[in-house]
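Step one of this worksheet: look at the structure below.
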Amino acid sequence: MPVVTLAHDRDFAGWRNAARSLALKGVAPADVEWRIGLPASEARPPGDAIFHVPRAFIDLARSAIQSDDPERFSLLYALLVRVRDEPGLVEAGKDPLVARLRAIADAPAGNKSETGALFGAMANPRARIGGNAQAAWEAVRADAMSCTRCHLYQCGTQTVFGEGPVDAPLMFVGEQPGDQEDLAGRPFVGPAGQLWNRAMGDAGIDRSQAYVTNAVKHFKFERRGKRRIHQKPEAPEIQACHYWLDQEQAILKPVITVALGATAARSLFGRVVTISATRGKAHVMESGGEAWVTVHPSFLLRVRDDREAEYARFVEDLVRVKKRLKELT
Ligand code: URA
């Protein structure tokens, strides 16, 4: 009988990894034993395994896992196996298993942490953010520190996770940590980060009030002598790391997410987009929030012609975002 041992009793990421892997192998729900205590390392899915489930299922699973019901992991796995063949099952809402899981998810406070309320399906993406978002974020960040979802964990010094207030209405997404970020373990602290800080100041946005992260959370580089030269992340790396961005989005539910550059935009939109076609306008995301696209600050460091004009355009984009955020909040 496969035994899945989750890292802690609210370990949604561990459950999701394990459940996906078991479902891909066709393991029957009755054959799985769910335990809590150690990392779920054996059940990690292959990095490129694709397994789509409806958003409604993910929302229900996130919420139900926050309860104390001892059967929640196995019930969710049983539902996951069925949802693969019946994608509308959760939304139809009539199935007894769905009803039972909804009751678990909606159990009164005391029987579950506030974090559960964070993830329920909702019209206003921020309507149910609770005080325990911080705990949820810390759990996800802790999981990300030992991420092996793609080969890049062997490359950088450490996972560079996002930082900032978990109730920030504004999220910025960069490409990947650079040399200095990799060493410091913090996003946007190197030259591109300094230029971005300046532009944020010029636009009147307080960086400390925004959440800042990257599409890829390990530094990808090529060694040349003593130097570590940045290499652009490729599609499989962006896709593997989207798992973490997705969780950051689910916890923060930002009103506006700003993609800094094409890699960030690709991760957010799930497809290749050009800056020229997407820049300077709102794109409504599945979550209900808006995505805005602008250039990456390192572009401004590289550009030779009209650097000042490009910088001014970048600041204008940030001002537009600030204005839009004011309208929405
Ligand atoms: N460039 C990025 O995209 N992110 C960082 O954190 C630093 C540089």
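The values are calculated or read from the model by the stated rules, or taken from the named source; none is laboratory data. Bear in mind that the values here come from a model prediction, so they are computed numbers and not experimental data. Counting neighbours? That spans all protein chains shown, and the Cβs are built from the backbone with ideal geometry, glycine included.
When only residues in segment 169-206 that are over 19 Å from F299 (Cα atoms) and buried (at least 18 other Cβ atoms within 10 Å of the Cβ) count, which is nearest to the ligand (Cβ to nearest atom)?
Checked segment 169-206; the qualifying residue nearest to the ligand (Cβ to nearest atom) is D182.
Among the listed residues E248, E286, E310, which satisfies the condition of being over 17 Å from V212 (Cα atoms) and not in a loop (DSSP other than H, G, I, E, B)?
E310
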If we ask which residues in segment 145-168 are within 15 Å of the ligand (Cβ to nearest atom) and aliphatic (A, V, I, L, M), their number turns out to be 2
Across (1) closer than 22 Å to P254 by Cβ; (2) more than 9 Å from the ligand (Cβ to nearest atom); (3) surrounded by fewer than 23 Cβ atoms within 10 Å (Cβ to Cβ), F221 clears everything bar (1)
When you scan segment 234-273, how many residues do you find that are away from the ligand (no atom under 16 Å from the Cβ) and touching a strand residue (DSSP E or B) at 6+ places or on another chain (Cβ under 9 Å)? 7
Please enumerate the residues belonging to segment 55-88 that are out of contact with any Gly (no Cβ under 8 Å at 6 or more places or on another chain), crowded, with 20+ Cβ neighbours inside 10 Å and not hydrophobic (A, V, I, L, M, F, W, C). R72, Y77
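Going through K253, K281 one at a time, which residue ends up being over 22 Å from T159 (Cβ atoms) and surrounded by fewer than 15 Cβ atoms within 10 Å (Cβ to Cβ)?
None of the other options fit; the residue is K281.
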Assuming T5 fulfils every condition listed in (1) modelled with pLDDT under 85; (2) in contact with a helix residue (DSSP H, G or I) (Cβ under 6 Å, 6 or more places away or on another chain) apart from one, which condition is it? (2)
Residue in segment 255-270 that is over 22 Å from A135 (Cα atoms), in a loop (DSSP other than H, G, I, E, B), among the hydroxyl-bearing types (S, T, Y) and at pLDDT 95 or above present: no
Members of segment 72-88 found to be without any contact (Cβ under 8 Å) to a residue 24 or more places away in the chain and in contact with an Asp or Glu (Cβ under 9 Å, 6 or more places away or on another chain), listed by number: L79, R82, E86
